[in-house]
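Report on the structure given below.
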């Protein structure tokens, strides 16, 4: 990786299918936070999810989030990590 402050990551969300149907989209957001925190070596509280990514997860309703999603994670100087959809 040339630039450690920016990464494009494909996150598998298959574990969301283990959650109850009425909590799957919420669980997918939680999994994205945990995955980004692990790969970018930061606290979960420092991960900020963009509204476009949130809308993409909730697009098909609470019961049917996507199986995987490709995101772009950018780390700022203050340690905050912004996660958005990769184009």
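All of the numbers you see were taken from the coordinates with simple rules; none came from a lab. These numbers come from a predicted model, not from an experiment. For neighbour counting, all protein chains shown are included, and Cβ atoms are generated from backbone atoms with ideal geometry for every residue, glycine included.
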- request: Residues being in contact (Cβ under 8 Å) with a residue 12 or more places away in the chain and within 21 Å of residue 79 (Cα to Cα): count how many of those fall in the range 12-36.
  value: 6
message: Could you list, ordered by first residue, the pairs with Cβ atoms under 9 Å in which the first is in the range 72-87 and without any contact (Cβ under 8 Å) to a residue 60 or more places away in the chain and the second is surrounded by 13 or more Cβ atoms within 10 Å (Cβ to Cβ) and assigned to a loop (DSSP other than H, G, I, E, B), at least 6 apart or interchain?
response: 79/42; 80/42; 81/42; 82/50; 83/50; 84/50; 85/50
task: Please enumerate the residues belonging to the range 66-81 that are surrounded by 13 or more Cβ atoms within 10 Å (Cβ to Cβ) and more than 24 Å from residue 43 (Cβ to Cβ).
output: 66
- request: Would you check which residues across the range 1-44 are more than 14 Å from the chain's Cα centre (by Cα) and closer than 20 Å to residue 66 by Cα and list them?
  value: 17, 18, 19, 20, 21, 22, 23
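Could you please let me know if residue 4 is touching a residue at least 24 places away in the same chain (Cβ under 8 Å) and touching a strand residue (DSSP E or B) at 6+ places or on another chain (Cβ under 8 Å)?
yes
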